[in-house]
Structures are given as structure tokens and as C-alpha cells.
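Enquirer: Shown below is the structure under consideration.
The values are calculated or read from the model by the stated rules, or taken from the named source; none is laboratory data. Note that the coordinates shown come from a computational prediction; the quantities given were computed from them, not determined experimentally. Neighbour counts are summed over all protein chains in view; Cβ atoms, including those assigned to glycine, are modelled from backbone coordinates with ideal geometry. Quick note on the areas: whole protein, heavy atoms, side chains included, nothing else; ligands and nucleic acids left out. Shrake-Rupley method; radii C 1.70, N 1.55, O 1.52, S 1.80 Å.
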Amino acid sequence: MRRFFSSWAWLLALFSIAGFIETMFWGQMSGFTPLYLPKLGVAPEQVPTWTGAIAALSGAIGIPFLPLWGALADRYARQPIIVRSFVAHLIAGVLAILARNIWVFVLARAAMSFALGNSGLMMTTLTERAPRERQGLSFAIMNSAAPLGAFVGPLLGGPIVDKWGFPALIGVNTVLMAVVILALSLGYRDSFRGTDRGPLFQMAVDSVRIIGQSSRLRVLFIALFILFAGWMIAFTYVPLAITALYSGDDPGTAIGIVLGAGGLVTLILSPVVGSLADRFGHWRVLIIGAAASVALWPLPALTPNLVLFTIAWAALNGVMSGVFAISFSVLSDSATTEVRGRVMSFAYLPVNVGSMIGPAIGSVATQISVFAVFPVAAVLTALGVGMLAVARRR
């Protein structure tokens, strides 16, 4: 039994469950914010603007701290820095429950951004324990938990929001976060101990310099920024697209079902994509998957009803979740062993920056129509594919 709890399979399971709960919380926050804003005093016609602004702001505040988390992990240990991120979510949940106006709620969403940097450290730890021939599969499983949680969260939370309200749902999440904090603190032994005793600020600056001085990493990050901006612009405004097509009395449940369908497809496709990447090459599968999504992005804007919209959205999320998972394998392989921890602490930076760029562009695109975000996502994804091709050659 002791051998099992120290194995890479147990570590993969622990990290995957933690990531699932974290992004289930994130998905519920994102999915139900448009429904909750009027209860905080936001006028209905201002909901699309506030939805984009909150998503962009909450992603921006924590980004400057990313180099610090990587430097702290390299200097001391990874486990406390990983646990720190779930403490940030716990604080965000408490603030959201207490919010009685839009500004306290914005503060709660902003607190979530201080959780950035945990997944990269988890993947670095997993890389050191998982067999090389299982790395693509293990990354795909762990990182499919993130988009799966983001879509299953609204599915489970929709009926709770409709019956008991949004604060009740966030209350459940705060309890789950406390359990995750305990599990990560006691559930595995972190054998890594940092040896770098240089100035902490200099280590943080060096983390950025490492990426800037590597031709491949520099272009790869730009490619992923653009690629995931397309995904996040759509994800942010999907709840509003669903309510535009839905005419019933339970919009929370409708949002949950549609996003949950995307989670189900993710559960099936992401491990398949990971296995294909192990067999045919990570770069090749990454670029082919991203190119396929370009053709799929306009489809939700062309659907006349909610059923067809759900099918189109589920297919898109299955493909994009596979692309998302494989991007970490490519990023890990593009860094040397000595600096992989600090580079991987930035692993979620592209999707975090995408969460800023996408909604900011979306707040303009939705002035035409909420469905305009889907062709815009196609354009951004196509640009990202082009940059991926450039990065691969470097």
C-alpha cells in the first residue's frame, strides 16, 4: 500500500482530482456570473460588458506573481506552493458568498487569480515520476481534468443555482477546497528540495529571461496565447449564447447541461488525443488538432436551436481540450531539466492571458451579436496554428 501511495499513478490521480475540483469551481464562477450580476445591482443591458470585464480583470491581477511562485518552488519546495493556490480559491469563495455588491464580487474573482502557477508545478513533479513512454498519456489525463471540471461544474451546479441560489453553490465549493487543501498537504511526499539560494527577486526575473532567450519557447508561448484566446472568448460568452436560445424557466440548468455535454466529450477525447500524441508525435497531433478546431469554430454561430448548439459546442470543446492537454507535453519537452520547473510554472499562462485577451475582444464583438464571438475565435485559432508551425521549426 505504501508503494502505491508513492507511485506516479497515485500522484496522477491526486493531481487530477484536485485539478478537477479547482476548475469545477472556476467553471461555476464563469458559467453563472452572468445570471448573478443582476442580483448585485448590474443593469441587464450591462451584463455582457461586466461579464467580459470581470473575466479579463480576474485573469490579469495574478499574472505578475507567476515568476515569484516558480522561484519560491525552486528555492524551497513545490508542495507548499501548490497548496497555496487552493487556499486562494478558498478565500475567493468566502468573499463571493459575502458579496452584496459588484465590487466585493469583483474582488472575489480577482482573488482566484492568485492561484495561478500550481498546474505547472504539478506537471513538473509528475514528469519526474512518470515513465517517459507514458508522459503524453499522463499529461492528457491530468489536464483533461481541467476542462472536464470547467464543464461538469455548471452541469452539477445549475440545479443548485436554480433552487437555492448562487451563494449556496459557492458554499459547497468552499468545503471542497478545504478537503483538497488537506489531501494535497498530507496525500503525498514531495521529495524535491530547492538548492538555489540566490536572491529571490533575481530568480523570478531569471524565470522570465529563460523563456525570452529561448527562440522556441518565445514563439511557442505567443502561439499558445493566441490559440487559447480564441477558446476563452467563446467560453466566456457561451452562457449568454445559451440563454439567447433558451426560453424556459431554468436557465442555470440549461447552461449546466450544455457545458456538461462538452465535459463528457472531453472525458472521452482527451485521453485518446494523448495516446495518439505518444504514438505519432506531440507536435504533429497538437497542430492537426488545432487546425481541425478552426473549421469547427463557426458552427455554433450557425445553429438555429439549442440542441444543435450543444452538439457543436461539445465537439469543439472535445477537440480544444485535447489540444490544451498536449500543449503541456510540447512545452515540457521544449525546456531543459534544469529550468523545467520554472518554465512549467508558466504553463497555464497562455490560457490565463487568453482569459484576458478573449473576453476583452468579446466585449467589443458582442456589440454586434453574442454569436459573433465564434467566428472571431476561428480567426484567433488560425493565427495560433500559424505560430505553432513557426515554433516547431525553431
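Enquirer: With a bin width of 5 angstrom, please list the P(r) values of the range 111-187 as percents of all Cα-Cα pairs, from the 0 bin to the one holding the largest distance.
Expert: That works out to 3, 12, 15, 22, 19, 13, 9, 5, 2, 0, in percent per bin.
Enquirer: Under a 1.4 Å probe, what is the accessible area of the range 294-394 per residue, stated in Å²?
Expert: That works out to 36 Å² for each residue.
Enquirer: In addition: May I ask you to work out the translational diffusion coefficient for the range 68-157 at 4 °C, viscosity 1.567 mPa s, via Stokes-Einstein with Rh from the Kirkwood sum over Cα pairs, reported in whole µm²/s?
Expert: 86 µm²/s
Enquirer: Apply the Kirkwood formula to the range 11-62: the hydrodynamic radius equals the inverse of the mean of 1/r over all pairs of different alpha-carbon atoms; give it in Å with one decimal.
Expert: On the way: mean 1/r = 0.0795 Å⁻¹.
One decimal place: 12.6 Å for the Kirkwood radius.
Enquirer: Regarding the range 154-313, what are the three Cα extents along the principal axes, ordered largest first, in Å?
Expert: Principal-axis extents of the Cα atoms in the range 154-313, largest first: 60, 41, 31 Å.
Enquirer: So which helices of the chain fit the span-like rule, where a helix is a whole DSSP H run, its Cα atoms reach 24 Å or more along the axis, and its mean Kyte-Doolittle is at least -0.5? Don't skip to the answer; put the middle values down first.
Expert: Working: long enough: 8-36 (41 Å, 0.96); 79-98 (30 Å, 1.81); 135-164 (43 Å, 0.79); 166-186 (31 Å, 2.28); 215-245 (45 Å, 1.80); 251-280 (42 Å, 1.36); 306-333 (40 Å, 1.64); 373-393 (31 Å, 1.62).
Span-like helices, by this rule, are 8-36, 79-98, 135-164, 166-186, 215-245, 251-280, 306-333, 373-393.
Enquirer: Above 24 Å lies some portion of the pair distances; for the range 1-107, what is it as a whole percent of all C-alpha pairs?
Expert: Beyond 24 Å sits 40 percent of the P(r) for the range 1-107.
Enquirer: So what's the Cα pair-distance distribution over the range 240-394, bin width 10 Å, in %?
Expert: Cα pair-distance distribution for the range 240-394, in percent: 10, 34, 36, 16, 4, 0.
Enquirer: For the range 265-315 and the range 92-120, compute the distance between their C-alpha centroids and round to whole Å.
Expert: One Cα centre to the other: 30 Å.
Enquirer: Here's another thing I want to ask about it. What does the accessible area of Glu128 come to, in Å² to the nearest 10, when a probe of 1.4 Å is used?
Expert: Probe radius 1.4 Å; accessible area of Glu128 about 120 Å².
Enquirer: Let me ask something additional. Against the 2.2 N^0.38 Å scaling, with N counting residues, where does the range 202-270 land? I'd like the Cα-based Rg ratio to two decimal places.
Expert: Here the answer is 1.72, to two decimals.
Enquirer: Related question: Taking just the alpha-carbon atoms of the range 326-394, what radius of gyration and Dmax come out, in angstrom?
Expert: When restricted to Cα atoms, the range 326-394 yields Rg and Dmax of 15.3, 49 Å.
Enquirer: Charges at C-beta only: +1 for Lys and Arg, -1 for Asp and Glu. How large is the resulting dipole of the chain about its Cα centre, in Debye rounded to 20?
Expert: Using Cβ point charges on Lys, Arg, Asp and Glu, the chain gives about 1080 debye.
Enquirer: Can you tell which of Val179, Val373, Val343 shows the greatest fluctuation in a Gaussian network model of the chain with Cα springs below 10 Å?
Expert: Ranking Val179, Val373, Val343 by mean-square fluctuation puts Val179 first.
Enquirer: Regarding the range 293-352, what whole-number volume in Å³ per residue does the convex hull of its Cα atoms give?
Expert: 81 Å³
Enquirer: More than 36 Å apart: what percent of Cα pairs in the chain qualify?
Expert: 18 percent
Enquirer: Out of the total accessible area of the range 1-133 (probe 1.4 Å, heavy atoms of protein only), what percent is carbon and sulfur?
Expert: Within the range 1-133, the accessible surface is 70 percent carbon and sulfur.
Enquirer: Which one, Met24, Thr303, Leu40, is farthest towards the positive end of the dipole of the chain when Lys and Arg carry +1 and Asp and Glu -1 on their Cβ?
Expert: The listed residue farthest towards the positive side: Met24.
Enquirer: With springs only between Cα atoms under 10 Å, which of Ser119, Ser185, Ser327 fluctuates most in a Gaussian network model of the chain?
Expert: Of the options given, Ser185 has the highest mean-square fluctuation.
Enquirer: Rounded to the nearest 500 deg cm²/dmol, what is the calculated helix-only ellipticity per residue at 222 nm for the chain, with -39500 (n - 2.57) per DSSP H run of length n ≥ 4?
Expert: -27000 deg cm²/dmol
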